[in-house]
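Everything on this sheet refers to the single structure shown next.
The values are calculated or read from the model by the stated rules, or taken from the named source; none is laboratory data. Keep in mind the model is a prediction, meaning the values are calculated, not measured. Every residue, glycine among them, receives a Cβ derived from its backbone with ideal geometry; neighbour counts consider all protein chains shown. We work out accessible area using only protein heavy atoms, side chains counted, and drop any ligands, DNA or RNA first. Shrake-Rupley method; radii C 1.70, N 1.55, O 1.52, S 1.80 Å.
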Amino acid sequence: MDTLMNLFGAAVLAGTPLLLGMLGEILTQKSGHLNLGLEGTMYMGAAMSLAGAYYYEQWVTAAGGAASGFVACLFATGAAFLIGVLASLLYCFLTATLRADQNVTGLVLAIFGTGFGNFFGELMGIGAGGYVTVGAATKAAFANPAFPSLAALPVVGKLLFGYNWMVYLGVAVALAMAWFLNHTRAGLNLRAVGENPATADAAGIHVTKYKYAATCIGGGISALGGMYISMVNTGGVWVHDCVSGKGWIAVALVIFATWSPARGLFCALIFGGLSIMRMYVPVPGLPMEIYELLPYVATVLVLIFTSIRQSREHAQPRACGTNYFREER
């Protein structure tokens, strides 16, 4: 029982960056845009969140004060979300306004973002004298349970309340996005844009506005997944290639979740468990490299089975990946 509880808790923590990346991509694809640059966006979010918290601490320390972990979290979150929005704004300008190919633009963003994140992460390390890390207060603010009193409860406390605040942020974003897409006028308009932009345009919906808004906000949410990796997974220390393919897995999870934010919660939990299973369910004689492959093998299998059992209700938005030319209505 203890092993299962520990595995569940570790799966939740490991699945949170995948959840945030996936939610951002779901929102983007609901607008009819396939952004394959998710890996790069997460790298940029990882680097800029660390920069936001680190330079805030340096500024406060130079002024003779003591850095606040809460304020450092705000700076890190703001920096990550902003860089995600800016990267997605560039992507949307190229695809929605200039009608560049979405696949090519996304791949370029993935390559650029990976280089951007690693470059500035290493540059901060050089400036800090070897490696860059945030202070103990900031590390505690990201790592400590969000509800310490409830986390002390037996069994239930550990299962439900023993996580950092970003875990609950991911759950809240998933539930809010599910409600928005299914129960609000703006959400239904967004889904209409992703399914048939010409019809939505004829109905008076501002297609371009919805595409820009969904893509930029989705990019900001995905960048928070990168922030989780640099501020929680690596403990506020920059590690080269820290995202390491999680952005690509998050893109595949969008299909596994059938473009549903609510189902995405369970998908992220499953893949989070697969990524850390080697530490809790060891098989004698089985090389650790096999365990490392499990999330990627599962990704391939998911893509195969979802393609075979595709239904209209749980399919990709019809206009996803196709640029909209109003003149061709």
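Which of the listed residues, ALA262, VAL297, GLY247, is farthest toward the dipole's positive end in the stretch 233-329, when Lys, Arg count +1 and Asp, Glu count -1 at the beta-carbon?
ALA262
With a 1.4 Å probe and every protein chain left in place, tell me how much accessible area HIS206 has, in Å² to the nearest 10.
Approximately 110 Å² for this residue.
How big, on average over all directions, is the shadow cast by the Cα convex hull of the stretch 99-237, in nm²? Spell out each step's value before the answer.
Numbers: hull surface 48.0 nm².
Its average projected convex-hull area is 12.0 nm².
Would you mind working out the accessible area per residue for the chain, using a 1.4 Å probe, and quoting it in Å²?
On the way: 15280 Å² over 329 residues.
On a per-residue basis, 46 Å².
How big is the stretch 1-81 along each principal axis, measuring the range of its Cα positions in Å and listing the largest first?
46, 44, 16
How large is the convex hull of the Cα atoms of the chain per residue, expressed in Å³ as a whole number?
Values: hull volume 50.0 nm³, N = 329.
For the chain, the hull spanned by Cα atoms encloses 152 Å³ per residue.
Taking the Cα centre of the chain as origin, work out the dipole magnitude from +1 charges on Lys and Arg Cβ and -1 charges on Asp and Glu Cβ, in debye rounded to 20.
Numbers: 16 positive and 14 negative charges, 155 e Å.
So the dipole magnitude of the chain works out to roughly 740 debye.
To the nearest 20 debye, what charge dipole does the stretch 84-232 have about its Cα centre, counting +1 at the Cβ of each Lys and Arg and -1 at the Cβ of each Asp and Glu? Don't skip to the end; give the middle numbers.
Numbers: 7 positive and 4 negative charges, 54 e Å.
The calculated dipole for the stretch 84-232 is roughly 260 debye.
I need the semi-axes of the equivalent ellipsoid of the stretch 193-263: take the C-alpha gyration tensor, multiply each eigenvalue by 5, square-root it, list largest first in whole angstrom.
Whole-Å semi-axes of the equivalent ellipsoid: 33, 14, 9.
In the chain, carbon and sulfur make up what percent of the accessible area (probe 1.4 Å)? List each step's numbers first, then the result.
On the way: 10560 of 15280 Å².
About 69 percent, which is the carbon plus sulfur part of the accessible surface.
With the dipole of the chain worked out from charges on the C-beta (+1 for Lys and Arg, -1 for Asp and Glu) around the Cα centre, which of LEU169, TYR324, ASN196 lies farthest toward the positive end?
My answer, from the dipole projection, is ASN196.
Order the following by accessible area, largest value first: TRP179, TRP238. Probe radius 1.4 Å; ligands, DNA and RNA are ignored. Write down the numbers at each step before the final one.
On the way: TRP179 145, TRP238 20 Å².
The ranking, largest first, comes out as TRP179, TRP238.
In nm², what is the average projected area of the convex hull enclosing the Cα atoms of the stretch 12-163? The partial results should precede the final answer.
Numbers: hull surface 44.3 nm².
Seen from a random direction, the Cα hull of the stretch 12-163 projects 11.1 nm² on average.
Among all the lysines, which ones have a C-alpha under 24 Å from LYS209's C-alpha, if same-chain residues fewer than 8 places away are not counted?
Within the straight-line cut-off, LYS209 pairs with LYS30.
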